[in-house]
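Take a look at the structure below.
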Amino acid sequence: MQDKNFEDIKERIEIGLSNDFPLQSRLIMLGEIFCSVGHGLITPNQGYELEDLLGLDQLIEDYDRVREMGFSGEFVSVA
């Protein structure tokens with residue numbers, strides 16, 4: 001079942017990419033990916049793969065930091 005959910009989301013991302021969907025749409029899709037992982041509909045590794053496919057790191061400067069702040073509300077540096 002996880003593979004079917006993964007393929008469904010992947011297909012919608014690919015359709016969106018072919019239609020040059022905007023950043024806001026990609027962020028909504030990212031939320032769906034996180035929810036799908038949280039509910040066990042896809043695996044964490046599948047979630048990472050789909051997140052990479054969205055290409056947010058190419059659209060958002062310092063994406064890793066922005067992403068971390070989205071989870072924790074602050075930037076936590078690793079020393």
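No value in this document is a laboratory result; all are computed from the given coordinates. What you see is a predicted model; the values in this text were computed from it and never measured. No Cβ is skipped: glycine too gets one built from the backbone with ideal geometry, and neighbour counts run over all protein chains shown.
Quick notes
- Projected label distance in nm at residue 2 and residue 15, using a 7 Å step from Cα toward the beta-carbon: 2.5 nm
- Remark: relative contact order (the chain) = 31 percent; criterion is Cα-Cα distance under 8 angstrom and separation of 6 or more residues.
- Normalised by residue count, the chain yields a Cα convex hull volume of 95 Å³ per residue.
- For residue 21, distant residues with modelled amide H under 5 Å away: none
- Note on residue 69 and residue 49: their simple-model spin labels are 3.1 nm apart, each label 7 Å out from Cα toward Cβ.
- Crossing angle, helix 44-54 versus the chain [Cα axis fit, 0-90 degrees, rounded to tens]: 90 degrees
- Positive end of the dipole of the stretch 2-72 (Cβ unit charges, origin at the Cα centre): among 9, 38, 50, the Cα lying farthest that way belongs to 38.
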